[in-house]
Amino acid sequence: MGAITGQQVVGASTSVLESGVGVASATGALAPIAAGLGISVPVLGAIIGAGIMAAAAAIDAIMNSGCGQTCIVSTQFANQANSALQQNIEAYFALPTPRPLSAQRAALSNFDTFWAWLQQPSQCGNPNLGTAGQRCISDRAAGACTWKQPANEVPPWGTPPAGACWNWQSGYRDPIADDPNVYDDSLDVQQSSAALNAVTQTAQVAGSSLPVSTSGISPLLLLVGAGALLWAVS
């Protein structure tokens, strides 16, 4: 394999992170780059948190879209909200088991932030919306049974089961919160730091000349951070 250039690193790392791709795609994109730089990564799976970060961006976009009070109770808004929350839970369960506690917390934070925002007086919590505003919250709250889980749409993680009450809590939050395949990755901080330094030194030796992005963060750091995280959870 020929020498890996800085531009290849930039292209692979930024495109993978920005797209929030799944496990297989992330592995395929980054494996040759890591190999070309001489980086030994025991398990080059999904970039931990990439899909969850993409879901957070989608949720943030909805919350900052300027959607008015009429819009907030519309079918279009509901579809967009469901899509973003579905993206969040799918990204979480796409992570290999055992899944890191930090990823679980991030996915739950995405949901909780969105749910808290929806209940604000400026959104569905506005009394002027009347019944529509009340149902915007009550139909999606824990225990609500406005909708039931269709047998042909039970997700791979198995909950809610067919015929069970479906709402935002049972459909988008509880499966993440109740995931039994989680380990505490907070003890991996020192290992991650060591891996970060090792990968940084390897990249420097490779002689890559990388530009700094407009945000002041070198695209290489995206790859380095991903490598450190992947190394830590292996």
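Scanning the range 51-108 for residues that are basic (Lys, Arg) and closer than 17 Å to Pro155 by Cα yields a total of 0. Remark: pairs (first residue in the range 116-129, in the same structural domain as Gln169 (by TED's automatic domain parsing); second residue at pLDDT below 90 and assigned to a loop (DSSP other than H, G, I, E, B); Cβ separation under 9 Å; 6+ apart in sequence or on different chains) = Gln123/Cys67. With the requirement that a residue be part of a helix (DSSP H, G or I) and more than 19 Å from the chain's Cα centre (by Cα), what does the range 149-173 give you? Correct list: Ala151, Asn152, Glu153. Name the single residue, out of those in the range 137-173 being without any contact (Cβ under 8 Å) to a residue 60 or more places away in the chain and among the basic types (Lys, Arg), that is surrounded by the fewest Cβ atoms within 10 Å (Cβ to Cβ). Taking the candidates together, the pick is Lys148. Among the residues of the range 109-136 satisfying the criterion of being among the aliphatic types (A, V, I, L, M) and surrounded by 17 or more Cβ atoms within 10 Å (Cβ to Cβ), which is modelled with the lowest pLDDT? It comes out as Leu129.
The values are calculated or read from the model by the stated rules, or taken from the named source; none is laboratory data. Being a predicted model, the structure only gives us computed values, none of them experimental. Cβ: placed from backbone, ideal geometry, glycine included. Neighbour counts: every protein chain shown.
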